[in-house]
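What follows is a set of notes on a single structure, which appears directly below.
The values are calculated or read from the model by the stated rules, or taken from the named source; none is laboratory data. The shown structure was predicted, so the numbers you read here are calculated from the model rather than taken from an experiment. No Cβ is skipped: glycine too gets one built from the backbone with ideal geometry, and neighbour counts run over all protein chains shown. Surface accessibility is based on the protein's heavy atoms, side chains included, excluding ligands, DNA and RNA. Shrake-Rupley method; radii C 1.70, N 1.55, O 1.52, S 1.80 Å.
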Amino acid sequence: MSDISESRQNKNKQVKPENTALADTLRANLKGKPTRSGFNRSLRHEIWAFLSDIIRIVVVVVLCVCFAFGGFGAGMLLGYAASTKPLSISDLTSTGSASQTSFVYDIEGNVIAKLTGSENVDRIYTSLSELKDTYIDEAFISIEDERFYEHSGIDLKRIGSAILSALANGGSAKHGGSTITQQTVKLISGQDEHSTSRKVQEWFSAMELEQHLTKDEIMELYINLAPMGNNYVGVEAAARNYFGKPAKELNLAECALLAGLPKSPSYYNPLRESGRRNCQRRMRIILNKMLELGHITEEEFNEALNTEIVFKTSNNTSAGKINSYFAEYAISRVVADLASARGISKPLASTIVYNRGYHIYTTMEPNVQSVLDEAFLNRDLFQTDPGALEDLPEKPTGAMVVINSRTGAIAALQGGYGEKIMNLSLNRATGARRSPGSSIKPLIDYGPALELDIISPGTIYVDKQVFLNPSDPEHAWPVNYSRTYEGPITVRRALVSSKNTVAVMVWNDVGGDTALWFLNQVGITRLDDGFVYPSQAIGGLTNGVTPLEMAAAYNTFAAGGTYTSPYAYTKVLDSDGNVIMSSDPISRRVYSVETCFMMTDMLKGVVGYGAPSATGGQILNANGEMIETAGKTGTTSDNIDKWFCGYTPYYAASVWYGYDNRLRQTVIPSNDFNNAIRIWMYCMQRIHQDLPGALFDKPETIVTAEACSSGYYPTDVCRDLGTVRSDYYVVGSALMPDSAVPCPIHAPSPTPTPTPIPEPVIPVDDGGGPVVPPEG
């Protein structure tokens, strides 16, 4: 055996048993597959980027010099150091803790998912000692940090080399100045902001990490947290998915290839043809560097160059158990909350969640979830005429979310039609933003207007051709879906008939900024859009909405006006039973109970007041008792999206139905127009079968009053003409018809005053002759 081989065997590769935390994916940073490798930036942008890099580098160097010789720079560095957050590595150094399976439970305590590295092949942990017979660490050291075993966290020589390389190559260095320790710090903290303060803080964190962990412990963290492309993290996941073998069996060429991936996982993506060429070119660079540094012999170098790289032909990333949409979403929320609470990166938080024996208790209600599971396998609910869809590029799909109205917790969700065949696939319930159409009207138009006492259900608007588009005032806009107009109608009628004209009028009366504020209050944040425009009133949002957002927003009405941010888990325990985290959902009052009752009463008219059917009606339980139901449809103008959002006193739910439109936009066939409400009614009717009959509570401050169709207090003439109707009003509201102001349109005609007949003038005999009576 050569001296080099002997030195490799004699290296200290003893790793403390406490460092067995698994690596999670860096999927948030790795999504997307660029179609070309270069950057599409203007010359001015390139010049500015070059100058910015040079300025940043110079500032850092100046600060280093100042730090070395005292003065102002030292004070700045000390200030940066004082503000450096300590790294959270307690879960990585838990004494004696081996990798443990974590469990996910439903609300009844049933296990719904097990989290292990072996079942989630994108995040498989391996210890450095397992790889002692490979060249993986030498490959990484050669290309990323050749003085890894010599520096104390930062390498001033490498920083200087990066500066010179940047100056010589137009601002783009051939290598970075960060050491493996610094890169590990970034993988732990998730902080990758490009600023002088962040870079200095990174230096201090790297030196701190070096004081707490050995070099091999740091290397072990790095090789298990490094992004390897296609959502794979760490060398073990990369080895199994790219080469079909465990990392301990990697040859020299394969080690060199994998060591080149973290620099740009998408550019060097082995699953793309261009990526394979790129990564193999980088592999040869790394082999040359390994030879230069003496990590391999000339013979090993030549043998590696002549080694054929055989890539795995099949990449089934879901070889283990397929987790449900609900379980995956709950896990993602635990990961995000843990990362936020501890100030660590999401990949590292996922590492901890998946492999520290955690017990995650979710809000899933199994009886509710089972109804959705069955419905989303029922082709009849999604395809009324399958033959008509044969020539379409894809089949229709959908998503549904059910929220417990009492708690605000997510009771069930489904992210797509059909059987789920892989982990971490698109969850349309939480991750697909689609235009809400008219289903947004109660949230952005009528709800705010009711709360501000601008309208009541009986308020009259004139449904007519209008010109309300400020950017195109010469053309009629909006138009109703039916392309017809009814003239004077009540708000109740306008909402039930989904009149776009009236919705925009109401939105104008509320004010665009105020309308967006109310929308933000129910969890649909659009204040950052920076501007308002009338099409928002009928669903024309810059960014669409998810079924989860819509279900939570509608639940505000079901919950009497209190919005609760939807949550999927209640608590997380560690392997010893200690509470690691508890859910703490945001809860705030948005609407009064009076607003919610009037809105609900109007929305009952949308579903209809009769017995339940496939497309509407009030829900009945198994005993035939009514469970009041309210909701609103939503359709985009081009029939690309269909929605139904509604609620009962027990649950709020939203359904989106349509096509993913991966290849082109697909218009929903006319015979499938009602599928969203069909899915909603099918599921909600079954969910409520064993629940007692229930009505929405009517506040004592709501009264019934009569009004003429003109909106005024009715007169007898109004009653005779049949223009009087009753509706709900809030006691004391200025909108309630006032008997002191009777209807002026149908006022009774005044009784005519008869013309008085003058009395006859009787001539008086004055003695001058006979009296002659007047004529007539």
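Under a plain spin-label model, where a point goes 7 Å from the Cα along Cα-to-Cβ, how far apart in nm are residue 245 and residue 614?
5.8
How much length is gained on full extension from residue 271 to residue 578, taking 0.36 nm per residue of separation minus their Cα-Cα distance? Intermediate results must be reported in sequence, preceding the final value.
Numbers: separation 307, 0.36 × 307 = 110.52 nm, distance 4.24 nm.
Here the answer is 106.3 nm.
Could you check the spin-label model distance between residue 394 and residue 689? Points 7 Å from the Cα along Cα→Cβ, value in nm.
So the label points at residue 394 and residue 689 sit 3.3 nm apart.
When the C-alpha atoms of the stretch 531-642 are aligned to their principal axes, what extent does each axis show, in angstrom, from largest down?
Projected onto its principal axes, the Cα set of the stretch 531-642 covers 53, 50, 31 Å.
Sorted by accessible area (1.4 Å probe), largest first, how do 338, 187 line up?
Details: 338 5, 187 25 Å².
From most accessible down to least: 187, 338.
Once Lys and Arg get +1 and Asp and Glu get -1 on their Cβ, which of 557, 600, 582 lies farthest toward the positive end of the dipole of the stretch 549-607?
Towards the positive end, the residue furthest out is 600.
So which of 186/263; 199/289; 604/698; 215/346; 395/642 end up more than 18 Å apart by C-alpha? Intermediate results must be reported in sequence, preceding the final value.
Values: 186/263 14 Å; 199/289 27 Å; 604/698 14 Å; 215/346 24 Å; 395/642 15 Å.
Beyond 18 Å: 199/289; 215/346.
What figure in square angstrom, to the nearest 10, would you give for the accessible area of residue 218 with a 1.4 Å probe?
For residue 218, solvent-accessible area is about 0 Å².
Order 477, 517 by their accessible area, 1.4 angstrom probe, all chains in place, largest first.
Details: 477 60, 517 120 Å².
Ranking 477, 517 by accessible area, largest first, yields 517, 477.
Work out, step by step, the length gained on full extension between residue 527 and residue 542: first 0.36 nm times the residue separation, then minus their alpha carbon distance; give nm to one decimal. Kindly include the intermediate steps, with their values, before the conclusion.
Details: separation 15, 0.36 × 15 = 5.40 nm, distance 1.11 nm.
Here the answer is 4.3 nm.
Keeping every protein chain in place, order 129, 438 by accessible area at 1.4 Å, biggest value first, i.e. largest first.
129, 438
What accessible area, in Å² to the nearest ten, does a 1.4 Å probe give for residue 149?
Its accessible surface works out to 100 Å², give or take rounding.
Using the Cα centre of the stretch 184-274 as the reference point, and only Cβ charges (+1 on K/R, -1 on D/E), how large is the resulting charge dipole? Debye, rounded to the nearest 20. Write down the numbers at each step before the final one.
Numbers: 9 positive and 12 negative charges, 54 e Å.
Charge dipole, the stretch 184-274, about its Cα centre: 260 debye, nearest 20.
Can you tell me the FRET efficiency between residue 464 and residue 710 if r is taken as the Cβ-Cβ distance and R0 is 22 Å, rounded to the nearest 0.05? Display every interim value, and only then the final one.
On the way: r = 16 Å, r/R0 = 0.74.
For residue 464 and residue 710, the calculated efficiency is 0.85.
Between residue 587 and residue 359, what is the spin-label point distance in nm, taking each point 7 Å from the Cα along the Cα→C-beta axis?
2.5
Just the accessible area for residue 637, please: 1.4 Å probe, Å², rounded to the nearest 10?
Residue 637 has an accessible surface of roughly 110 Å² with all protein chains in place.
Could you work out the percent of alpha carbon pairs in the stretch 282-423 separated by over 17 Å, rounded to a whole number?
On the way: 7569 of 10011 pairs.
Roughly 76 percent, rounded to a whole number.
Could you give the size of the charge dipole of the stretch 505-594 about its Cα centre, using +1 on the Cβ of each K and R and -1 on the Cβ of each D and E, expressed in debye and rounded to the nearest 20? Don't skip to the answer; put the middle values down first.
Details: 4 positive and 9 negative charges, 29 e Å.
For this selection, approximately 140 debye.
Could you work out how much longer the chain between residue 377 and residue 422 gets when fully extended? Use 0.36 nm per residue separation minus the Cα distance between them, nm to one decimal.
Working: separation 45, 0.36 × 45 = 16.20 nm, distance 1.59 nm.
14.6 nm is the gain from fully extending residue 377 to residue 422.
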